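K.L.:
Below you will find the structure I want to go over with you.
The values are calculated or read from the model by the stated rules, or taken from the named source; none is laboratory data. Values in this document were obtained by computation on a predicted structure and should not be read as measured data. Counting neighbours? That spans all protein chains shown, and the Cβs are built from the backbone with ideal geometry, glycine included.
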Amino acid sequence: MPRPVPTPLYHFTPIHHLASIIEHGVLCDTGTAAGRLAVEVGNRGIKERRRRRVVLVGPRGVVADYVPFYFAPRSPMLYAIAMGNVPEYTGGMDPLVYLVTTAGRLAKLGLPILFTDRNAVLETAHFTQDPADLDALIDWPLMRAKMWNNTPGEPDRRERRMAECLVHRQVPWRAIEYVATFSPARAAEAQATLARFSQGVAVRTRRDWYFR
């Protein structure tokens, strides 16, 4: 199954962060100013591992120096949130919005990008800078699958579903093509925020990108 072109990318964040992101862009964990993000949705243990996981290609540094995007919605991370398995965040899925862009748009903006074939924190993750590697690097049928549970024949489906596009330091707001929400009410809230900043970015309700 071929790679979709344009190749969509997904980053989710609490809707309360939208105004800050419009002004300052999406910042990596090591570049986020104290107090700028009011709600933390990531598991602290995993975030600490990302601060220690060294990157040996591109701008280098550690994984936490990069803004992560997934190649598909309904990620294992979102599932953990839906199941209440992230102690640091108990707000559920409804307040979370997707920021959607494409690999081509990020490249056109000249942003420093890396790609991984699975969760970047894992020692087995393969990193590359070359977009030409995406066809073989990513399991595209798995990205199109509704579920990604491990099986006896494929015990690493979950970690491969978490393949990442990593952008060094910051993703400017102009890179975002549209915002997707859980409900029409959240879409209206997002549209109101965008209107305050005179932003014409589209907002779409995509309930199918969430776990019910």
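K.L.:
Within the range 105-136, take every residue that is farther than 21 Å from Lys47 by Cβ and basic (Lys, Arg) and give me the one that is farthest from the chain's Cα centre (by Cα).
P.N.:
Among them, the one singled out is Lys108.
K.L.:
Look through Asp133, Asp156 and report the one residue that is touching a Ser or Thr at 6+ places or on another chain (Cβ under 9 Å) and of a type in the set (Asp, Glu).
P.N.:
Of Asp133, Asp156, the one residue that is touching a Ser or Thr at 6+ places or on another chain (Cβ under 9 Å) and of a type in the set (Asp, Glu) is Asp156.
K.L.:
Could you check how many residues of the range 71-113 are touching a helix residue (DSSP H, G or I) at 6+ places or on another chain (Cβ under 8 Å) and within 15 Å of Cys28 (Cα to Cα)?
P.N.:
Going through the range 71-113 one residue at a time, the tally reaches 3.
K.L.:
Ok, one more. Is it the case that some residue within the range 144-154 is under 17 Å from the mean Cα position of the chain (by Cα), of a type outside the set (Phe, Trp, Tyr) and at pLDDT 95 or above?
P.N.:
yes
K.L.:
Could you grab me the full set of residues in the range 159-182 that are in a loop (DSSP other than H, G, I, E, B) and in contact with a helix residue (DSSP H, G or I) (Cβ under 7 Å, 6 or more places away or on another chain)?
P.N.:
Met162, Arg169, Glu177, Phe182
K.L.:
Scan the range 51-71 for residues that are surrounded by fewer than 22 Cβ atoms within 10 Å (Cβ to Cβ) and either among the acidic types (Asp, Glu) or in contact with a Phe, Trp or Tyr (Cβ under 9 Å, 6 or more places away or on another chain) (or both) and jot them down.
P.N.:
The answer is Val55, Leu56, Val57, Gly58, Pro59, Asp65.
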